[in-house]
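Asks: Attaching a single structure in structure tokens format; questions to follow.
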Amino acid sequence: MNRILIVKLSSIGDVVHALPVLRTIRHNLPDAYIAWVIEDRAKEILDGNKDIDRVIIVNTKKWRKRLDGPAFREIFSIIKTLREDRFDTAIDLQGLIKSGVISILSGAKTVIGFDLKSCRESLNILFTNKKISPGNKDVHIVDKNLSLLKPFGFKEIKREFFLSHSPKDDEYIDDFFAKIKLRPIRRMGAPKPLIAINPAAGWKTKEWGIKNYAELCGRIVKEINADVILTWGPGEEAMVNGITASMPFSPLVAPPTSIKQLIALLRRCRLFIGGDTGPLHIAAALKIPTVAIYGPSNPSRNGPYGDGHIILHKEIECSGCYKRNCDILKCMKMISVEEVFKGVKELTSNSLTL
């Protein structure tokens, strides 16, 4: 099994959680040929990763919107690319119908995937011939992904996340800080901390709300003596603007960033605060302490991975619903500013001398 295809299409956080699979394969099979199929919108996570021999980019969202001549030509081109690489094994980390189709179209003799209870779409099992049970249904997604490596019999499992950025990304962030004239204040040998807050999320049910974040920002600046910077992605400007408009002073707002530029920015932060989003999982992978605010998703399964994190989550009757829309959103409304601020104080007092 020396020619291996990883199928993990999206999203950003999910791709981050799949990185230890790649690291483990490369560590145990240093001479293997490893390729990864990924959606265009998440590909930047893999840029510069030396463990990969090839990245194969697909755009299934575009295909679903318009399945015309150009789309068919693109699909056939992807199939040709997959077949040319003559994969021995495909590993379907997504557990969806589309990822199963891609895995089997690769021509790999062995297609490894989750069993019926563990895949996200039940029909996915039609496309795999080695079905793995990760065990506990609440096992963290990182460990669930790693369970698919059981057929290899690897002696060493590497729970490591490789996330890179370039000197140009550092320069972009340095230029931004120079422009706003941010100067760290040193007290007792420690710089004034920079705390990143990412208020938006891909799902509205994962958002804690403008009012809460505005109040939290104010308390951090006044009571902890830290600089706060609001991070955001495409289409999230309105929420950030709403927070700044609700405050008596203007917190720092990050410039537009690519994924690599966000990585460069987060490496300069001492703490990250936000919901279940890609930036949260990037911060955790960078070993930055996080205060994670969780609602519909299960933090045991999808929380920030590793030590040094505080998770705020209210266990109620509908916990773990994973709904993208909710008229009540009780789980998020029950989390108070005081609770989140207490978590911030705990992490800052543990790691900083202010």
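Bear in mind these aren't lab numbers, they're just calculated from the coordinates by the rules spelled out. Computed from a predicted model, the values in this text were never measured in an experiment. We place every Cβ from the backbone using ideal geometry, glycine too, and count neighbours over all the protein chains shown.
Asks: Sequence-distant or interchain residues sharing an amide H contact under 5 Å with residue 10, placed H: which?
Replies: 39
Asks: Using just the helices of the chain, give the 222 nm mean residue ellipticity in deg cm²/dmol: DSSP H runs with n ≥ 4 each add -39,500 (n - 2.57), and the total is spread over all residues, rounded to 500.
Replies: After summing the helix terms and dividing by residue count, I get -10500 deg cm²/dmol.
Asks: Here is a follow-up. Determine the distance separating the Cα centre of the range 40-62 from the Cα centre of the range 206-239; give it in Å without decimals.
Replies: 31 Å
Asks: Let me ask something additional. Mind checking which aspartates and glutamates have their Cα closer than 18 Å to the Cα of residue 345? Skip sequence neighbours fewer than 8 apart in that chain.
Replies: Partners within reach: 215, 223, 227, 307.
Asks: Beyond a 20 Å Cα-Cα separation, which of these cross-linked pairs lie in this structure: 137/204; 61/131; 43/168; 168/192?
Replies: Among 137/204; 61/131; 43/168; 168/192, the Cα-Cα distance tops 20 Å for 137/204; 61/131; 168/192.
Asks: If the elastic network links every pair of Cα atoms under 10 Å, which of 314, 150, 61 fluctuates the most in the Gaussian network model of the chain?
Replies: Its mean-square fluctuation being the largest, the pick is 61.
Asks: Cut-off 10 angstrom, C-alpha nodes, Gaussian network model of the chain. Which of 200, 283, 178 fluctuates the most?
Replies: Looking only at 200, 283, 178, the largest GNM fluctuation is found for 178.
Asks: Here is a follow-up. Mind telling me which of 290, 81, 128 comes out most flexible in a GNM of the chain, alpha-carbon contacts under 10 Å?
Replies: Of the options given, 81 has the highest mean-square fluctuation.
Asks: Still on this structure, please answer the following. Would you tally the net charge around residue 148, using a Cβ to Cβ cut-off of less than 13 Å, leaving residue 148 out, and scoring K and R as +1, D and E as -1?
Replies: +2
Asks: OK, next. I need the semi-axes of the equivalent ellipsoid of the chain: take the C-alpha gyration tensor, multiply each eigenvalue by 5, square-root it, list largest first in whole angstrom.
Replies: Equivalent-ellipsoid dimensions as semi-axes: 37, 22, 20 Å.
Asks: Under 14 Å from the Cβ of residue 29, count the other residues' Cβ atoms, weight Lys and Arg +1, Asp and Glu -1, and hand me the total.
Replies: Every neighbour counted, the sum reads 0.
Asks: Which of the lysines could be linked to residue 158 by a straight reach, that is with a Cα gap under 20 Å, when you skip same-chain ones fewer than 8 residues away?
Replies: 8, 50, 144, 150, 287
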